[in-house]
Amino acid sequence: MAETPTTVRAARAIQAERSMSALNRRMNGEHLPRRPQWQCQMCEPDTPWPCHPARVHLAEAYGRDRIGLSMYVGGLLFIVAMELPDVAPAELYERFVAWTR
Ligand SMILES: [Zn+2]
């Protein structure tokens, strides 16, 4: 795979941090991820985030805007991939993005 230009990476990182700060508001402070493990802070210990209630919250926040929702979680994926380097990208995609379809 071609090396991503630094400016593109930096722009993605900024976008990803924006997505993270928006998350707290979107979730009303509940079912937020514990980082860098990406486990839910409210559910049973070791529950991978997004847990079921988090998915419901996010889906409700976006309503019919499924593209907006998938773009939003896709933005988070950039941070997740850096913080969970041992998890296969395909697995992360399944967990964070595929459920929005
Ligand atoms: Zn939860």
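Below is a table of values for the structure above.
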item	result
Residue match in segment 21-35 (condition: more than 11 Å from the chain's Cα centre (by Cα), hydroxyl-bearing (Ser, Thr, Tyr), surrounded by 12 or more Cβ atoms within 10 Å (Cβ to Cβ) and farther than 12 Å from THR100 by Cα)	no
Set ASP65, ASP86, ASP46: member being in contact with a strand residue (DSSP E or B) (Cβ under 9 Å, 6 or more places away or on another chain) and surrounded by fewer than 15 Cβ atoms within 10 Å (Cβ to Cβ)	ASP46
Scan of segment 48-84 for residues that are closer than 24 Å to ARG9 by Cβ and of a type in the set (Asp, Glu), ordered by number	GLU83
Lone unmet requirement of (1) away from the ligand (no atom under 15 Å from the Cβ); (2) in contact (Cβ under 8 Å) with a residue 24 or more places away in the chain for THR7	(2)
Selection count where residues are on the phi < 0 side of the Ramachandran plot and either near the ligand (Cβ under 10 Å from one of its atoms) or free of Cβ contacts under 8 Å to residues at least 24 places away in the same chain (or both), scope segment 38-76	26
Residue check, GLU91 without any contact (Cβ under 8 Å) to a residue 12 or more places away in the chain, under 18 Å from ALA22 (Cβ atoms) and assigned to a helix (DSSP H, G or I)	no
Residue ID - surrounded by the fewest Cβ atoms within 10 Å (Cβ to Cβ), chosen from residues in segment 7-20 that are hydrophobic (A, V, I, L, M, F, W, C) and touching a helix residue (DSSP H, G or I) at 6+ places or on another chain (Cβ under 9 Å)	ALA13
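A quick yes/no check of all residues on (1) under 11 Å from the mean Cα position of the chain (by Cα); (2) under 21 Å from ARG25 (Cβ atoms):
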site	(1), (2)
CYS40	no, yes
CYS43	no, yes
HIS52	no, yes
VAL56	no, yes
ALA59	no, yes
ILE67	no, yes
MET71	yes, yes
ILE79	yes, yes
LEU92	yes, no
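Where a number appears in this text, it was derived from the coordinates with a stated rule and is not lab data. In this text the structure is predicted, and so the values were computed from the model without any measurement. Quick reminder, even Gly has a Cβ in these numbers, built from the backbone with ideal geometry, and neighbours come from all protein chains shown.
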